[in-house]
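Quick notes on the structure that follows.
Only the coordinates and a few stated rules stand behind these numbers; no lab work does. Here the structure is a predicted model, which means the values were calculated and not measured. Please note: Cβ atoms are built from the backbone with ideal geometry, for glycine as well, and neighbour counts cover all protein chains shown.
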Amino acid sequence: MPKFEEELDCSVELKEPARYKVLLHNDDYTSMDFVVEILVRIFYKNHGEAERIMLQIHKKGKAICGIYSFEIAQTKAQQVKQRAKQNGFPLLATIEEDM
């Protein structure tokens, strides 16, 4: 059987998938200790980094906790909302595309 080799003339452009920031927002009810706990348990920050981010949330109104693929960002934001609700806090987590 003869072997045929054919070259196809097509180009494929691969793009990096979009990345999304997960932000926590300041409110007047969620304790600073709880925010630090969220940053350690959900975003895997060490205690010092968690305190730094928590203070940024407190002073500036919001802060980035991490940048992830859409699915992971969405999951982390949902985990924050669920844990906050279980503990009686209105902590808000949002996601936005990282430009």
Report task. Please compute the net charge surrounding MET32, taking Lys and Arg as +1 and Asp and Glu as -1 over other residues with Cβ under 13 Å from its Cβ. Result -> -3
Query - Principal-axis tilt of helix 47-60 within the chain, Cα atoms, nearest 10 degrees - result: 80
**Report entry** Positive minus negative residues near ALA93 (Lys, Arg vs Asp, Glu; Cβ under 12 Å)
**Finding:** +4
Query - Mean shadow area of the chain over all directions, Cα convex hull, nm² - result: 10.5
**Report entry** Chain lengthening between GLU16 and SER31 when straightened (0.36 nm per residue, less Cα-Cα)
**Finding:** 1.7 nm
Query - Rounded to 10°, Cα long-axis angle of helix 70-86 versus longest principal axis of the chain - result: 20
Query raised in the report: Within the chain, what is the number of lysine pairs with alpha carbons under 30 Å apart, leaving out pairs fewer than eight places apart on the same chain?
Result: 26
Query raised in the report: Against the longest alpha carbon principal axis of the chain, how many degrees, from 0 to 90 and to the nearest 10, is the axis of helix 32-41 turned?
Result: 30
**Report entry** Gain in span if fully extended, GLU49 to THR75, counting 0.36 nm per residue against the direct Cα distance
**Finding:** 7.2 nm
**Report entry** Sparsely packed GluC sites (Glu not before Pro) within the chain, loop by DSSP, other Cβ within 10 Å at most 13
**Finding:** GLU5, GLU6, GLU7, GLU13
Query - Cα-centred dipole magnitude for the stretch 27-97, charges only on beta-carbon of K, R (+1) and D, E (-1), debye, nearest 20 - result: 60
Report task. Taking trypsin sites (Lys or Arg not before Pro) as candidate sites, keep only those in a DSSP loop with at most 11 other Cβ atoms within 10 Å, then name the longest stretch of the chain containing none of them. Result -> 16-99
